[in-house]
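The next block holds one structure in the form of structure tokens; read it before the comments.
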Amino acid sequence: MVVAEAHVWDAYVAVHREAIPFQKKTFPHFTDLCLIYAKDRATGVNAQTVDDVFEEIQQEEANQQESINEEIDLESREEGTSHTQSRCKEKNIESSSKRKRQKINDDDAVTSECILNVAMMLGNDIKKASKILGATEHVIQEKVAKLDKFLSEVEGLSTREWTLASIKLPDHPRQMLVFFSLPPARRLELLKIFLESYN
């Protein structure tokens, strides 16, 4: 939706009547597209700003209008009828509409291609993350299967502590992995601290 103070909007609409319907029309996914295109700017010798492109388009339109006017003058001299002028004006409108449609189609193709590329990259990242998470889950399941055996080897662990650790450690995979990584002499101390913290 166009956001501007009332006097600014009124002044703009006075010059650009075709903009009236856009005052209350929203632009879907504007913020998402800003994230995609926000800082993408061409640099270097052939880079063009919006003003450069606008100026170039205006120049092309002026050149086309000039050549159409020359064509009208030439045909007017040859035929001497107003019928020719109206035909050339129709040509001008038709040509301009085709050019605008072509530009819109080109922009749509570029935007679609960019969105497709982003979607493909996100899809690949999700696949990689899924594989990593799946592998991590597999490692945790293997450790849970071995947990009871390793707990039985911890000297000084009471039956109650053993049972509590068997129940609680699988719910805390990080602490369980730390338990397995420690040398046997330090496991009892870790289990006692763990059981106190999660009791």
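The values are calculated or read from the model by the stated rules, or taken from the named source; none is laboratory data. Please read all numbers here as calculations on a predicted model, not as lab measurements. A quick note on method: Cβ atoms are made from the backbone with ideal geometry, for glycine too, and the neighbour counts reach across all protein chains shown. To get the accessible areas, we keep the full protein, side chains included, count just its heavy atoms, and leave off ligands, DNA and RNA. Shrake-Rupley method; radii C 1.70, N 1.55, O 1.52, S 1.80 Å.
Scan the stretch 145-167 for residues that are touching a Leu at 6+ places or on another chain (Cβ under 8 Å), in a helix (DSSP H, G or I) and open to solvent by 60 Å² or more (accessible area, probe 1.4 Å) and jot them down.
Trp162
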note = Pairs returned, first residue in the stretch 180-198 that is in contact (Cβ under 8 Å) with a residue 40 or more places away in the chain, second residue that is open to solvent by 90 Å² or more (accessible area, probe 1.4 Å) and among the β-branched types (Val, Ile, Thr), beta-carbon separation under 9 angstrom, 6 or more apart or interchain, are none
request  = Check Phe179 against each of (1) out of contact with any Phe, Trp or Tyr (no Cβ under 8 Å at 6 or more places or on another chain); (2) open to solvent by less than 50 Å² (accessible area, probe 1.4 Å) and name the one condition it does not meet.
outcome  = (1)
query = Can you tell me how many residues in the stretch 182-199 are outside any helix (DSSP H, G or I) and surrounded by fewer than 10 Cβ atoms within 10 Å (Cβ to Cβ)?
reply = 2
ask   = Taking helices (runs of 4 or more DSSP H) that fall entirely within the stretch 1-80, which contain at least 1 residues that are open to solvent by less than 100 Å² (accessible area, probe 1.4 Å), at pLDDT below 75 and more than 30 Å from Cys114 (Cα to Cα)?
value = 50-79
